[in-house]
Amino acid sequence: MYKLSERMKHVVLLARPEKSGSCYKKMAEIGCDHAYISMELVRCGYAQEVIAMDVNEGPLNRAKENMEKEAEALGFKGKVTTRLSNGLEKLEPKEVDAIVIAGMGGDLMIAILEKEKEVTKELQMMILQPQTEVAKVRKYLILNGFSIEEEDMVCEDGKYYPMMKAVKKESELPEELLLEYGPCLVANGHACLKEYLL
């Protein structure tokens, strides 16, 4: 079976639906690479279907190979599909309920969301794990009608990875310090944030 890194495990966990027993009808993973996150979202029952998307053929071919190996044994045959796409370009508005973007720079994430605004504004939920410019990503989400409802942070191989769950809901912009370090991480006194600050 495929093996998720700690970072990926925490990204997937953020996608769990609020109500027990419910799940997202359809999600998309943008920049899917090997599609481990896409497969895990279905395996955990967080999404009925996932579109694993990437701008390059290479990762999509790897994703297809991984799915062929794992799909039948793990029960998600036909539930994870691949799609060649530059960001959200090949998604229709309302085609998916939620997206995951993990492991890319914050400026690139914002550019992806901004470029296909018609798709972005119809999303009900986003899981984002930016590698850089995290404060800018938080600010962008809030200014564009999303509320950061949950955050997590993990340290892996000496690097710190903040991540967030944003839902479609108006919210007020917090002060700069909270944008920098994460309103939910600060409010909850997250142990990994404390370690990072020290």
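The values are calculated or read from the model by the stated rules, or taken from the named source; none is laboratory data. What you see is a predicted model, and the numbers here were worked out from it, not measured in a lab. Here the Cβ positions follow ideal geometry from the backbone for every residue, glycine too, while neighbour counts run over all protein chains shown. Just so you know, the surface numbers come from the protein's heavy atoms only, side chains and all, with ligands and any DNA or RNA stripped out. Shrake-Rupley method; radii C 1.70, N 1.55, O 1.52, S 1.80 Å.
Total residues in the stretch 22-49 satisfying the condition of being within 14 Å of residue 83 (Cβ to Cβ), part of a strand (DSSP E or B) and in contact with an Asp or Glu (Cβ under 6 Å, 6 or more places away or on another chain): the figure is 1.
Which residue is least open to solvent (accessible area, probe 1.4 Å), if the candidates are limited to the stretch 16-37 and must be small (Gly, Ala, Ser) and at pLDDT 95 or above? Looking at residues that are small (Gly, Ala, Ser) and at pLDDT 95 or above, I get 28. Every listed requirement among (1) in contact (Cβ under 8 Å) with a residue 12 or more places away in the chain; (2) open to solvent by 10 Å² or more (accessible area, probe 1.4 Å) is met by residue 63 save one, (2).
Pairing residues of the stretch 155-179 that are farther than 28 Å from residue 121 by Cβ with residues that are in a loop (DSSP other than H, G, I, E, B) and open to solvent by 40 Å² or more (accessible area, probe 1.4 Å), at Cβ distances under 9 Å and at least 6 apart in sequence or on separate chains, gives 159/131. Counting only residues that are touching a Cys at 6+ places or on another chain (Cβ under 9 Å) and surrounded by 16 or more Cβ atoms within 10 Å (Cβ to Cβ), the stretch 150-164 holds 8 of them.
Just to be sure, is residue 147 surrounded by fewer than 17 Cβ atoms within 10 Å (Cβ to Cβ) and assigned to a loop (DSSP other than H, G, I, E, B)? Taking the combined requirement at face value, the residue does not satisfy it. Among the residues of the stretch 180-195, those identified as within 20 Å of residue 136 (Cβ to Cβ) and either more than 21 Å from the chain's Cα centre (by Cα) or free of Cβ contacts under 8 Å to residues at least 24 places away in the same chain (or both) are 181, 186.
If the condition is being under 21 Å from residue 25 (Cα atoms), open to solvent by 90 Å² or more (accessible area, probe 1.4 Å) and either assigned to a helix (DSSP H, G or I) or without any contact (Cβ under 8 Å) to a residue 24 or more places away in the chain (or both), then the stretch 66-122 contributes 72, 77, 118. Residues that are at pLDDT 95 or above, open to solvent by less than 80 Å² (accessible area, probe 1.4 Å) and acidic (Asp, Glu) do not occur anywhere in the stretch 173-181.
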